[in-house]
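Before any comments, here is the structure.
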Amino acid sequence: MDTEKTELDRILAAAAQAAPQLAETTPAQRAQWLAAVADALDAAGPELVPLAARETHLPEVPRLKGELARTTFQLRLFGEVLRDGAFLGATVDHADPDWPMGPRPDIRRTVVPIGPTLVFAASNFPFAFSVAGGDTASALAAGCPVVLKAHPGHPELSEKTGRIVRDALLAAGAPEGTFDVIFGVEPGVTALKDPRIAAASFTGSVPGGRALFDIAVSRPTPIPFYGELGSVNPVVVTPGAVRERGEQVAKGYVGSFTLGGGQFCTKPGLLFLPEGHGLEGTLTEAAQAVAAQTLLNERIGESYQSGVARLKEQAGVTVLAAGDPFAPTLLSVKAGDFLKADEVLRNECFGPSSIVVTYSDQAELLRVLGELEPGLTATLQAEESEVEDVRPLLPALTRLAGRLLWNDWPTGVTVSWAQQHGGPYPATTAPTTTSVGTAAIERFLRPVAWQGFPDALLPPPLQEANPWQLPRRVDGKR
């Protein structure tokens, strides 16, 4: 049931009250809180995983058990980020009367929590991008209270997970209001408009994300909105890769676009192959060998079927594989017809469908890449002997995505220090940020400079004695 207005107001008021308390906590304290949440979720795994399977139709093993492990891993990894301290970007410039621009005052810079954060959970990852997912973990690590808007696709799991997270935080010493869950479309919109919310994040569709983004930036006081929306994720295969390992590439591609029922935001939706590749039979056989999978919910299933029907209607499109309404669908089209076709061929079709686009030469390939909307990933399947041939493609691929892959598949998104999960719009609404990896914490931090303050009034990261022993830049030197 939707969260009632009085309960929603209580939750928002509690978050606002908790914000200054969280801002005064140390990174070490917050690291302990995140570890406590991870331990509680691990302990509840035998109860949570079957519940997630029932509500989402995703298999318990290896998918959901692995996803829960990923969720608790990233909570603990943000604990490492907090203990490391570099995320604070502590910078000290002592007063310098001989500074080339004129006498420089003492000025010191670090970051502070942005404030109460509204997180919209995703449907396709009921653990890793939902209640206790990466957005929640990174916002809590930053010292921000989190109001989590549950996804309607797994409400019982959301309620139970939310209770576990909230209880673990309180037991570990976090203040009341640090975390809570709300339900319903209207309560979510109401919370987004509320002046007590200082930032918001979202993972989902382009229409839904864009509508929320417009609300966030149209408020009397606009707020940052970190939306992960749609992505087609092209894969470019060179002639050399076809010659050396074409069958392997074809099978790997089918495995990637059908993984999880094609319900990954990094699902490769376009496969660019040179004309005369001769892989039609391998692609068809591999796609037909993948069993149909029930999709996350009825709405997604209906959207997938209507999307595939529109793709098949486009001029020049041929069907390589299709069957059961939810079986993998693989289509093929020549690059020239792709360029002439309706934009439906260039848009994400959420589910186990993909399109093979055959190109005549590199010039035609570059023309097509130039017409694509940006996304999260772009993949090259090529040989090292083709380095000079491939080099001209890199600017086009870099324009398209936040993560480039060489001889790999985009549906594996590890959580690490170097990870980048984002890209130009419509992949995200904030292309300078990431929603996966340790840098995700930066979304919920705001820089502040202190000029001329006495040492006793400075936050610990900027005090002269460096009491937290942080990595810092002092007078321009690390």
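Every residue, every condition in (1) surrounded by 18 or more Cβ atoms within 10 Å (Cβ to Cβ); (2) part of a strand (DSSP E or B), yes or no:
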| residue | (1), (2) |
| --- | --- |
| 139 | yes, no |
| 148 | yes, yes |
| 153 | yes, no |
| 166 | yes, no |
| 180 | yes, yes |
| 187 | yes, no |
| 202 | yes, yes |
| 208 | no, no |
| 211 | no, no |
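Out of 440, 418, 427, which single residue is out of contact with any helix residue (DSSP H, G or I) (no Cβ under 7 Å at 6 or more places or on another chain) and crowded, with 20+ Cβ neighbours inside 10 Å? Break it down stepwise before answering.
On the way: 440 fails: out of contact with any helix residue (DSSP H, G or I) (no Cβ under 7 Å at 6 or more places or on another chain); 418 fails: crowded, with 20+ Cβ neighbours inside 10 Å.
Residue meeting the stated conditions: 427.
None of 409, 450 is assigned to a loop (DSSP other than H, G, I, E, B), open to solvent by 20 Å² or more (accessible area, probe 1.4 Å) and either touching a residue at least 40 places away in the same chain (Cβ under 8 Å) or more than 13 Å from residue 90 (Cα to Cα) (or both) except 409. For segment 8-52, filtered to residues that are without any contact (Cβ under 8 Å) to a residue 24 or more places away in the chain, open to solvent by 20 Å² or more (accessible area, probe 1.4 Å) and part of a helix (DSSP H, G or I), the residue that is nearest to residue 197 (Cα to Cα) is 9. Restricting the first member to segment 310-330 and to residues that are of a type in the set (D, E, K, R), and the second to residues that are open to solvent by 40 Å² or more (accessible area, probe 1.4 Å) and assigned to a loop (DSSP other than H, G, I, E, B), the beta-carbon pairs closer than 6 Å and six or more apart or on different chains are 324/292.
Residue 81 falls short on exactly one of the conditions (1) out of contact with any strand residue (DSSP E or B) (no Cβ under 8 Å at 6 or more places or on another chain); (2) surrounded by 18 or more Cβ atoms within 10 Å (Cβ to Cβ); (3) more than 23 Å from residue 463 (Cβ to Cβ), and that condition is (3). Quick check on residue 58: is it part of a helix (DSSP H, G or I) and either among the hydroxyl-bearing types (Ser, Thr, Tyr) or open to solvent by less than 80 Å² (accessible area, probe 1.4 Å) (or both)? Judged against the criteria, residue 58 is not a match. Remark: pairs (first residue in segment 455-478, within 16 Å of residue 82 (Cα to Cα) and without any contact (Cβ under 8 Å) to a residue 60 or more places away in the chain; second residue open to solvent by less than 80 Å² (accessible area, probe 1.4 Å) and not in a loop (DSSP other than H, G, I, E, B); Cβ separation under 6 Å; 6+ apart in sequence or on different chains) = 467/460.
For segment 232-245, the tally of residues that are open to solvent by less than 10 Å² (accessible area, probe 1.4 Å) and either part of a helix (DSSP H, G or I) or at pLDDT below 95 (or both) stands at 2.
The values are calculated or read from the model by the stated rules, or taken from the named source; none is laboratory data. Here the structure is a predicted model, which is why all the values come from computation and not from measurement. Please note: Cβ atoms are built from the backbone with ideal geometry, for glycine as well, and neighbour counts cover all protein chains shown. SASA here: full protein model, heavy atoms, side chains in, ligands and nucleic acids out. Shrake-Rupley method; radii C 1.70, N 1.55, O 1.52, S 1.80 Å.
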